[in-house]
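Below is one structure, written out as structure tokens; comments come after it.
The values are calculated or read from the model by the stated rules, or taken from the named source; none is laboratory data. Only a predicted model underlies this, so the values are computations on that prediction, with no experimental measurement involved. Backbone-built Cβ (ideal geometry, glycine too); neighbour counts: all protein chains shown. Note: accessible area is taken over every heavy atom of the protein model, side chains too, but ligands, DNA and RNA are not part of it. Shrake-Rupley method; radii C 1.70, N 1.55, O 1.52, S 1.80 Å.
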Amino acid sequence: MFGGNLNVVKIAFDAILEGVIIIDSDAQIVFANKAIERNLGYEVNKLIGKDFYFLVPKLFQKAHKEYFKSFFKDPANLSSYNVRTIIGLHKNGNIVPLEIKFTCFEHTNRIYAQALLTDISERKVKEKENKIEKIELEEAVKKHTSKLEKVVRQLRDTNQALKSEIQKKNKAKKEARKALIAERELSQLKTRFLSLASHEFRTPLSGILTSATLISKYTTKGQENITKHIGVIKMMVNHLSNILDDFMSLERIEEGDIHYKFSSFCFNELMEIIIKEANSLLKVGQSIHYSPCIECPKIYQDKRIIQIIITNILYNAIKYSPENSPIDISVTSKNKIKIKITDKGIGIPKKDKKNIFERFFRASNATHLQGTGIGLNIVKANIEGLGGTIHFKSKENKGSTFVIKIPKDVKL
Ligand code: ADP
């Protein structure tokens, strides 16, 4: 076919890495290079004269025949360059994927097709691997996306739940605020009523007190019982007056309408007066042990309010202690006057301690004794109003100690 220097051409073709095959228009192999041997295992000289279809599995032979028939019929193919991927059949029966590029040429009035064959097994494996990788990647992305979607859904649900929780809380807050306002109004009303009632009680009470005092002046000797009973009436009236005083100062505290009257006075002298009055209230066998402040400090304070404060704590000590028990009072003076009042009475239950200064609060072990639960509330408000502090220690059935500290000079 080539004539001339066939050897050189053959050597050149054998040096090409791709397989080269030339077939005539009957699809018979007229030339094959060495690479074909490497790719498909056939010795080159055994291929010459063989049908090209010999190189593909039986299954595809018919399709190839038809393709070549139409290929050789169409002269346009002479100039075109065809690339196809075909399945080749190795001599050992294995299947080899091949890329085949072929063109046509004419020689001595016959048409030939020259095909360039490349084994693309590796490329196919790579493609398969890439495909698997791609699928795996897609699956991973899908998995993560669905996870993300789940998280987003959960976040959305949580957000919704939070929103409705906040709405509920806001509603509850509004209702609580309303209830608080209503309670405050009610409390103000109660205090105002108590204050008003107290004013009304005061006049008849002071009438009773004056009359009782006058009656006592008209009693003659031997009428001790009358004198005793007049004493009881006076004591009761004083007690009632104290309660009414408490009720009235409640309103003043609530309205922020306390006006203190400051003056300079000797603290020890005030204590003597307080203790003298308290002595008349002691139960049988009760006694007050008083250790005064040695230096007898002069202080600048509201004398009347300080008297109310100490009296209140001392009267509680008497009221909440049994007969035959001592009450200790000690006063010391440093930067502040410190008054310590200790009793051996019923004490305050642990659970009630935190509420003891609340208005109208009475401890669970004190309800069988008379009281209003106002005194300590007023005491605390007044002590703080005068720049002082109040603390207590107490043990149920053992006793209580109240410690009051008051600045010596309210201006400092
Ligand atoms: P009350 O009129 O009830 O005495 P207070 O405000 O003075 O009101 O006291 C409030 C409560 O504190 C009392 O009801 C009582 O339970 C308790 N308390 C106050 N002082 C003492 C005390 N010395 N010993 C035991 N309990 C006390």
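Descriptive notes on the structure:
- Scanning segment 311-348 for residues that are under 48 Å from the mean Cα position of the chain (by Cα) and among the aliphatic types (A, V, I, L, M) yields Ile313, Leu314, Ala317, Ile337, Ile339, Ile341, Ile346, Ile348.
- For segment 25-36, a residue qualifies if it is outside any strand (DSSP E or B) and more than 13 Å from Gly88 (Cβ to Cβ), and the qualifying residues are Ser25, Asp26, Ala27, Asn33, Lys34.
- The criterion of at least 2 residues that are in contact with a Cys (Cβ under 9 Å, 6 or more places away or on another chain) is met, among strands (runs of 3 or more DSSP E) falling completely within segment 69-132, by 110-119.
- Residue pairs meeting the criteria (Cβ under 8 Å; at least 6 apart or on separate chains; first among the basic types (Lys, Arg), in segment 99-115; second not in a strand (DSSP E or B)): Lys101/Tyr81; Arg110/Ser25
- Filter result for the condition that a residue is in contact with a Phe, Trp or Tyr (Cβ under 7 Å, 6 or more places away or on another chain), open to solvent by 100 Å² or more (accessible area, probe 1.4 Å), over 30 Å from Ile378 (Cβ atoms) and not small (Gly, Ala, Ser), over Lys147, Lys91: Lys91
- The residue that is least open to solvent (accessible area, probe 1.4 Å), counting only those in segment 358-385 that are over 19 Å from Ser241 (Cβ atoms), touching a residue at least 24 places away in the same chain (Cβ under 8 Å) and more than 6 Å from the ligand (Cβ to nearest atom), is Ile383.
- Applying the set (1) more than 16 Å from the ligand (Cβ to nearest atom); (2) at pLDDT 95 or above to Pro326 leaves exactly one unmet item: (1).
- Enumeration of residues in segment 49-66 that are open to solvent by 80 Å² or more (accessible area, probe 1.4 Å) and either outside any helix (DSSP H, G or I) or in contact (Cβ under 8 Å) with a residue 60 or more places away in the chain (or both): none
- Of Phe262, Phe267, all but one fail to be open to solvent by 60 Å² or more (accessible area, probe 1.4 Å), away from the ligand (no atom under 16 Å from the Cβ) and aromatic (Phe, Trp, Tyr); the exception is Phe262.
- The lone exception for Val284 - which of (1) within 16 Å of the ligand (Cβ to nearest atom); (2) farther than 27 Å from Tyr260 by Cα it fails: (1)
- Count - residues of segment 246-278 that are modelled with pLDDT under 90, out of contact with any Ser or Thr (no Cβ under 6 Å at 6 or more places or on another chain) and farther than 20 Å from Asp409 by Cα: 8
- Filter result (within 13 Å of the ligand (Cβ to nearest atom) and open to solvent by 40 Å² or more (accessible area, probe 1.4 Å)) within segment 329-345: Lys340, Lys344
- When Arg202, Arg177 are checked against the criterion of being within 30 Å of Met235 (Cβ to Cβ) and assigned to a helix (DSSP H, G or I), a single residue qualifies: Arg202.
- In segment 389-410, the residues that are touching a residue at least 60 places away in the same chain (Cβ under 8 Å) reach residues that are among the polar types (S, T, N, Q) and surrounded by 17 or more Cβ atoms within 10 Å (Cβ to Cβ) with C-beta atoms within less than 6 angstrom, at least six apart or across chains, in these pairs: Ser400/Ser394; Thr401/Thr342; Val410/Gln301.
- Across segment 346-357, the number of residues qualifying as more than 8 Å from the ligand (Cβ to nearest atom) and open to solvent by less than 40 Å² (accessible area, probe 1.4 Å) comes to 2.
- Within segment 160-173, no residue that is without any contact (Cβ under 8 Å) to a residue 24 or more places away in the chain sits with its Cβ atom under 9 Å from a residue that is part of a helix (DSSP H, G or I) at 6+ positions apart or across chains.
- Any hit, segment 151-164, residues being part of a helix (DSSP H, G or I), at pLDDT below 75 and open to solvent by 100 Å² or more (accessible area, probe 1.4 Å): no
- Checking each residue in segment 386-410 for being within 17 Å of Ile305 (Cβ to Cβ), within 11 Å of the ligand (Cβ to nearest atom) and basic (Lys, Arg) picks out no residue at all.
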